[in-house]
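A quick write-up on the structure given underneath.
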């Protein structure tokens, strides 16, 4: 009995343990949420009504409350989606578990009322900023748009006023599966961040619109019924695709803005408020900006009066009352000739969040822009609409509008292209199928051609320029005499970040500029031109402004240019750049008004057109120096099958084939060919095409790098003799191969020497002799014009031809050619010396100390061995710092100290003047000599030498830095 009782006790204990453990397992079980979605992305929740409603849109109101981490609460209205289906779209704003509960105006409907669900919000795993940083809002100072985390948002939009009509599942372009997706995808690739649309359901004329491929639309002029849902389903997939691509959707609401005026009995204030709520329910969980209706601020040019505008105010209220995300409401404005911030009808509405401005094509109304910047309450403004390209504006106007907007403090630009904004679907010659026939057929332009206008590509340079700066800190200076004195103030737009960074946009005719003012008298500034057409910087100067002013050099050309002047580090060119821009061109012939310069002007709506329709026709670009080529982009002015050949040359005599399509040809408008090699001249020869027309090239872009600079152009020469002023030594370096230097007679040898001005690392020397013969010569280099080093010796076998080239190496200031024999008198048309100059020459320097007048830091960079920088006394360490003005890929430093000594020193490099990297360190053992050389590597703007020990005072005659 005792044993049996003991066994029973053990069994009871085990059962109890199992029960307890089972309870513990039950209490620690993790239940899956009903829905799972990544943060800031849309989760769609479906509810099914248990009641039947004769008018579901009006008969029942459903709302869902979402409770999230940290006490977050987001309320979302549900929307009827046909039959007994209601849907809720929700985007969580934080990671973690969210719980939902619903209420319905009909509590008896258990399918809509009292529903509880859970949503798990996970971290975002994609790459779109809008989901990494959150929906948009106004910045704290009200001047620009920011993400939820406060990061500034760069607004670059594309305009689609007839979005419902754009084909989603087809297109009329072979190989393009979706008209709608094609344009969205292209703009994303080009760096756009915003899609601008209106719900103009019914096309405004422009065809019968009865085809089987037409998009479904809603028609709210008879109220909201089940028949309208197909149109909203059409919009759903478009809103969804736009969001999937990471774009913000700046969207108008309801319908064509004129419908409430035309159907006043249907579009009552109550109906409009409900439509506003419906819009929030259906699309408010996407990243959006609400723009209400086309040109609704003030009143669609008088279509609404003080009473009837209340219908549209009701839409705004319906949105604001039900949008827990607080998406900005920025009503689309009329043209600024009618409405500005000063007379807006919407500004006093409590939900008004910013200005969706519409400025004139020229945008030279400075006083108009000021009304937005100087409004009593600061609100973000964007240029929501201006002249559409190839409709009211040309490429120059469409590109320049973005720069003008930002210079006015209007931090956003909505670009519009003909054929895209108005959805011109039908191809040329086909029956009309237009989203709107407004100003057609006069301004007809096919949607596909509009989507491929090259200005949209160039807007990437616009974005690149401003995003390289803290653009949100820029303040427009308008015509303030405190900050500038421009020759043409109305065409010179200045903005600044205090007096650290100056940004100016020069447009209009001529090349004149003016003066920058109110500058720091102690800071060091770097100035650059920026070309809006190709995204390239051109260094101007590194300077100080002791008087607080700086005179801006003339524009490089009479086209539009951006000027960037800053005392802070700024961007420079990255990667291969267009070496052909604005360079000299020769061609086989030109038609009147379509000269060769139009092929390199950066504008795709201008073209060089050959003088006749016969082939071959050719175009040659002189790059002005030897360039390392990477690719060549040929933009013809039409799609065709083009037969052509690309060639490169150093001297325009010997040509190397880079690409040859003369046999098979290539069918396209824009061609790109990968090429390799170092050349100064590039030629395209077109040998055939199909269309009954002529050769025409819109842009000829040669992408590459500065392999070598032409160092000898217009430099000082010396000669053994000449045959008079018309044959002086300067004729050999004037860039004109018609002129030449010629010795006074046939006696040999004869020599010509060029002073490059500063010591330079030589790479190549190219001679264009007077004529074709065998030339015997010797090339030499020197630092002082006394001691010479042989670079190449052709005095024995010579070179037969008119041109010759020799590789050269070493650092020299003087280069000499001695002709020892030829079939002509000694004569040279062009003597071109290529290489890289001393990057430190003439740059700004600072030092730890100077010993007095005549021994300043700039004496170490003046190219003269007779002058030098010297410290104030013999104490150590002493340092000399050089600002190169921009980043340089350095390979060697040469230091010419004051005298022979054992010099202990350290070289350092920096990109910002604050963080330094050691490039060479001789502080331990030192270097015995007067001239030292160090191999360097890396890209730096600032270089510092610190002398830690020597018998002499710290003193440097010349500091040379080479790439």
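Computed from the coordinates by the stated procedures, all read-outs in this text should not be read as laboratory data. These numbers come from a predicted model, not from an experiment. Glycine also receives a Cβ, built like all others from the backbone with ideal geometry; neighbour counts cover every protein chain displayed.
Data for the structure
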{"quantity": "Value in Å of the Kirkwood radius, where the chain supplies the Cα pairs that are averaged", "calculated": "33.1"}
{"quantity": "Percentage relative contact order, the chain, counting C-alpha pairs under 8 Å, at least six apart", "calculated": "6"}
{"quantity": "Segment residue 44-residue 543, length gained on full extension (0.36 nm per residue, minus Cα span)", "calculated": "173.7 nm"}
{"quantity": "Largest-first principal axis extents of the Cα set of the stretch 491-642 (Å)", "calculated": "62, 33, 25"}
{"quantity": "Calculated FRET efficiency for the pair residue 475/residue 851, C-beta based, R₀ 56 Å, to 0.05", "calculated": "0.85"}
{"quantity": "Cα gyration tensor category, rounded, prolate or oblate, for the stretch 141-467 with a/c compared to 1.5", "calculated": "rounded"}
{"quantity": "For the stretch 39-110, alpha-carbon Rg over 2.2 N^0.38 Å", "calculated": "1.18"}
{"quantity": "Whole-number Å³ per residue for the convex hull built on Cα positions in the stretch 913-963", "calculated": "113"}
{"quantity": "Radius of gyration, Dmax [the stretch 63-192; alpha carbons; angstrom]", "calculated": "19.5, 55"}
{"quantity": "Burial order of peptide ranges 864-877, 463-476 (average beta-carbon count within 10 Å, highest first)", "calculated": "463-476, 864-877"}
{"quantity": "FRET E, pair residue 442, residue 509, Förster distance 22 Å, beta-carbon r, rounded to 0.05", "calculated": "0.20"}
{"quantity": "Spacing of the two label points (7 Å from each Cα toward its C-beta) at residue 807 and residue 148, in nm", "calculated": "6.0"}
{"quantity": "Along each principal axis, Cα extent of the stretch 472-566, largest first, Å", "calculated": "33, 26, 26"}
{"quantity": "Viscosity 1.306 mPa s, temperature 10 °C, Stokes-Einstein D of the stretch 177-251 from Kirkwood C-alpha radius, µm²/s", "calculated": "114"}
{"quantity": "Hull volume in cubic angstrom per residue (convex hull over the Cα atoms of the stretch 616-688)", "calculated": "83"}
{"quantity": "Cα pair distances exceeding 16 angstrom across the stretch 227-282, given as percent", "calculated": "52"}
{"quantity": "Hull-based mean projected area of the stretch 710-835, where the convex hull spans the alpha carbons, in square nanometres", "calculated": "6.5"}
{"quantity": "Within the chain, helix-based [θ] at 222 nm, where runs of 4 or more DSSP H residues each add -39,500 (n - 2.57), nearest 500", "calculated": "-4000 deg cm²/dmol"}
{"quantity": "Distance from the stretch 783-832 to the stretch 667-744 (C-alpha centre basis), Å", "calculated": "21"}
{"quantity": "The stretch 29-80: mean projected area of Cα convex hull, nm²", "calculated": "5.4"}
{"quantity": "Stretch gain in nm, segment residue 52-residue 892, where the contour uses 0.36 nm per residue and the Cα spacing is subtracted", "calculated": "293.9 nm"}
{"quantity": "Residue 59 versus residue 262: modelled label distance in nm, points set 7 Å from Cα along the beta carbon direction", "calculated": "3.1"}
{"quantity": "Distance from the stretch 541-573 to the stretch 392-442 (C-alpha centre basis), Å", "calculated": "33"}
{"quantity": "Inter-site label distance for residue 170 and residue 924 at 7 Å from Cα along Cβ, in nm", "calculated": "7.8"}
{"quantity": "FRET efficiency, 1/(1 + (r/R0)^6) with R0 45 Å, evaluated for residue 464 and residue 784 via beta carbons", "calculated": "0.50"}
{"quantity": "When the stretch 577-698 is reduced to its Cα atoms, the Kirkwood hydrodynamic radius in Å", "calculated": "14.3"}
